[in-house]
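One structure is given here, and the rest of the page talks about it.
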Amino acid sequence: MIALGFVAAAVAGTAARWQLGRLPQPTGTLLANLTGSFLVGLLAGAGSDSRTLLGIAGIGAFTTFSTVMVELLDLWAISRRQAANYLVVTLVGGIGLAWLGLILS
């Protein structure tokens, strides 16, 4: 039963990420990663099975580090300032939203 829950959470996370991926780059990735950071913070107060199931399968499938790297390289080729802004918003926003989720949990 846990395996089915894991698969269901991964499918849901993947489907949600795919929808955000239809937005212009890097908007979809930024929204996915900031939302995922907040959700991870919220999960911090949950039991370990819930954290594993939802955090790894659902949020892990929803967020993406590799896409951030590709988008940073693409932005760097266009504008170093845009790339730097994207990196700062991703890191500071992600940490801030994870902290907010933790506080709210």
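The values are calculated or read from the model by the stated rules, or taken from the named source; none is laboratory data. From a predicted model like this one, the values you see are computed outputs, not experimental measurements. Every residue, glycine as well, gets a Cβ built from its backbone with ideal geometry; the counts of neighbours run over all protein chains shown. What goes into the accessible areas is simple: the full protein's heavy atoms, side chains included, and nothing from ligands, DNA or RNA. Shrake-Rupley method; radii C 1.70, N 1.55, O 1.52, S 1.80 Å.
A few points about this structure:
- Taken per residue, the accessible surface of the chain reaches 63 Å², heavy atoms only and a 1.4 Å probe.
- If you take all other residues with their beta carbon under 14 Å from the beta carbon of residue 59, and give Lys and Arg +1 and Asp and Glu -1, the sum is +2.
- Set the Cα radius of gyration of region 1-82 against 2.2 N^0.38 Å, with N its number of residues, and you get 1.22.
- About its Cα centre, the chain has a charge dipole of approximately 160 debye under the convention of +1 per Lys or Arg Cβ and -1 per Asp or Glu Cβ, with nothing else charged.
- Choice from 47, 28, 60 with maximal GNM fluctuation in the chain (Cα, 10 Å cutoff): 47
- The accessible area of residue 69, taken with all protein chains in place and a 1.4 Å probe, comes to roughly 70 Å².
- Positive-end residue, the chain charge dipole about Cα centroid, Cβ charges, pick of 88, 13, 102: 88
- Spin-label pair residue 81/residue 12, simplified geometry with 7 Å Cα→Cβ offset, distance in nm: 4.2 nm
- Every pair of different Cα atoms in region 16-56 enters the Kirkwood calculation, which places the hydrodynamic radius at 11.0 Å.
- 3J(HN,Hα) along region 29-38: 5, 4, 4, 4, 6, 5, 5, x, 4, 4 Hz, from the Karplus curve 6.51 cos²θ - 1.76 cosθ + 1.60 with θ = phi - 60°, whole Hz, x for Gly and Pro.
- Surface composition of the chain: carbon and sulfur atoms hold 72% of the protein heavy-atom accessible area at a 1.4 Å probe.
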